[in-house]
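Structure record follows, encoded as structure tokens.
The values are calculated or read from the model by the stated rules, or taken from the named source; none is laboratory data. Computed from a predicted model, the values in this text were never measured in an experiment. Virtual Cβ from ideal backbone geometry, glycine too; neighbours counted across all protein chains shown. Please note that ligands, DNA and RNA were not included when accessible areas were found on the heavy atoms of the full protein model with its side chains. Shrake-Rupley method; radii C 1.70, N 1.55, O 1.52, S 1.80 Å.
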Amino acid sequence: MKKILITGGAGYIGSHTAVELWNSGFEPIILDDLSNSDSNVLDRLEEITGKRFSFFKGDCNDKKQLEEISSQHQISGIIHFAAFKSVGESTAQPLKYYQNNVGSLLILLEWMKEKDIQDLVFSSSCTVYGQPEVLPVTESTPRQEAESPYGNTKKICEDILVDYVKSQPGIRVISLRYFNPVGAHPSAKIGELPLGVPQNLVPFITQTAAGIREKLTVFGNDYDTVDGSCVRDYIHVMDLADAHVKALDFLKGQKTNFYEVFNVGTGEGNTVLEVIQTFEKVNGLKLNYEIGPRRPGDVVKTWADTSKIRKVLGWSPKYSLEDSMRDSWRWQKNL
Ligand code: NAD
Ligand code: UD1
């Protein structure tokens, strides 16, 4: 069984990807410093898969930690999720973000070369496109100047990968540009764990429905969209997890010096109000919400052109927005 190192594997997307890797015949090896996750995720993963995954609590900036992993396991590929991801915090503490998000990639690449590990899948984001002029967004849509240090770390990491792959005969890399990940494992045993007040829409919706937040504010209803609220492409985290498995499988068949980027979204945009209505409908609930002012810096509308990932990786999403809203709510109730 091929062993795949998942940095940040105790986190939201990493934990779901661990399940999908296992279901596809890979053995996940998890490295996480638990800076934004909890070690009980390992128990949940065992309940779901019946397998206790190897877990290393440590920092992927720490070369000694990586050495310890390679002394115990022969790693055949890496999925690099570990990063800080709060847009607001990145503006207040940019160095923390550059150090962790960019620094960790440099250390991992060095270690991959030393250990002759060829394959890497990197977590990028649709944030690199900013507000695109033409929709849907294809992979050749020009990237824009980043709105935040967080967004900039994703652009910089992509650029580093382009340069590095050209210089290294032995390496194959895919960057996946995620649109808006939502939902949870259908078992409700794992899901997103936002710390403090959620900044993202769906955790705010579920916490409001659960009575943890009094009401949700819709940030603006006077945009140029069908109902005036902003449009995003909400992708179920299980579909996103599956895209990582497909990416790894695909890399194995490529010649070296390989680099590609893929959008991962559903290919459809939904407004904030549509998300709320869907949540209410599938869960039979009324959500307390109000219309508020626009959020500064918000992208008005974005959604993915998914033809490339469908054609090249043979991936397509299987979960609907209804599934996402049902699974997010199940997860919240379980928390
Ligand atoms: P998450 O915070 O749930 O998971 C990240 C995990 O990495 C956490 O468990 C954290 O403890 C760990 N971590 C952070 N720094 C580490 C380090 N130096 N060493 C070891 N572990 C470390 O976040 P997520 O939503 O699962 O995001 C995963 C990746 O996807 C990130 O790179 C993020 O930037 C990217 N991404 C996320 C979204 C999103 O909306 N969730 C969108 C686009 C891209
Ligand atoms: C945000 C980040 C982006 C990151 C992405 C995924 C910003 C500016 N961008 O994008 O860099 O990659 O998350 O983690 O923070 N909304 C409300 N009320 C709320 C919360 C959100 O109406 O309480 C609306 C927003 O205006 C937006 C939509 O919901 O239209 C989605 O918001 P959010 O979940 O924060 O994601 P993004 O804005 O896409």
Counting as exposed only GluC sites (Glu not before Pro) in DSSP loop states with no more than 12 other Cβ atoms inside 10 Å, the longest exposed-site-free span of the chain is 1-132
Rounded to whole angstrom, the alpha-carbon centroid of the stretch 184-222 lies from that of the stretch 27-71 at a distance of 26 Å
In this structure, the FRET efficiency calculated for GLU114 and LYS57 from their beta-carbon separation, with R0 = 30 Å, to the nearest 0.05, is 0.85
Expected vector for the stretch 203-216, Karplus 3J(HN,Hα) from phi with 6.51, -1.76, 1.60 and θ = phi - 60°, integer Hz, x for Gly and Pro, equals x, 5, 4, 5, 5, 5, 4, 7, x, 6, 10, 6, 8, 8
If the chain between GLN199 and LEU335 were fully extended at 0.36 nm per residue, the gain over the current Cα-Cα distance would be 47.1 nm
Computed ³J(HN,Hα) along the stretch 175-189: with the Karplus parameters 6.51/-1.76/1.60, θ = phi - 60°, integer Hz and x for glycine or proline, the list is 9, 9, 9, 6, 7, 9, x, 9, x, 7, 4, x, 6, 6, 8
Across the stretch 1-111, qualifying lysine pairs (alpha carbons under 24 Å, at least 8 places apart or different chains) come out at 14
Distance in Å, no decimals, from the C-alpha centre of the stretch 134-165 to the one of the stretch 256-329 is 20 Å
Listed by chain and number, the aspartates and glutamates with an alpha carbon less than 14 angstrom from that of LYS154, same-chain partners under 8 positions apart left out, are GLU145
Amide H neighbours of TRP303 at under 5 Å, excluding residues fewer than 5 places away on the same chain, with H built from the backbone geometry, are VAL137
Hull surface over four for the Cα convex hull of the stretch 212-297, reported in nm², is 8.6 nm²
A student asked for the Cα radius of gyration and Dmax of the chain in angstrom ought to give 19.2, 57
Length gained if LYS286 through GLU68 is fully extended, taking 0.36 nm per residue and subtracting the Cα-Cα distance, is 73.4 nm
Here the percent of antiparallel bridges among DSSP beta bridges lying wholly in the chain, to the nearest 5, is 5 percent
Carbon/sulfur accessible area of the stretch 142-263, % of total, 1.4 Å probe, equals 49 percent
Kirkwood Rh over alpha-carbon pairs of the stretch 30-146 plugged into Stokes-Einstein at 37 °C, 0.692 mPa s gives a D in µm²/s of 198 µm²/s
Which residues qualify? For LEU31, with a placed amide H closer than 5 Å and at least 5 residues away or on another chain, they are ILE6, THR7, GLY8, GLY9, PHE56
Rounded to the nearest 10 Å², the accessible area of ARG310 using a 1.4 Å probe with every protein chain kept is 100 Å²
Note to self: with every protein chain in place and a 1.4 Å probe, the chain gives an accessible area per residue in Å² of 43 Å²
The ³J(HN,Hα) series, computed from each phi in the stretch 313-325 with the Karplus coefficients 6.51, -1.76 and 1.60 at θ = phi - 60°, rounded to the nearest Hz and given as x for glycine or proline, is 8, x, 9, 8, x, 10, 9, 9, 4, 4, 4, 4, 5
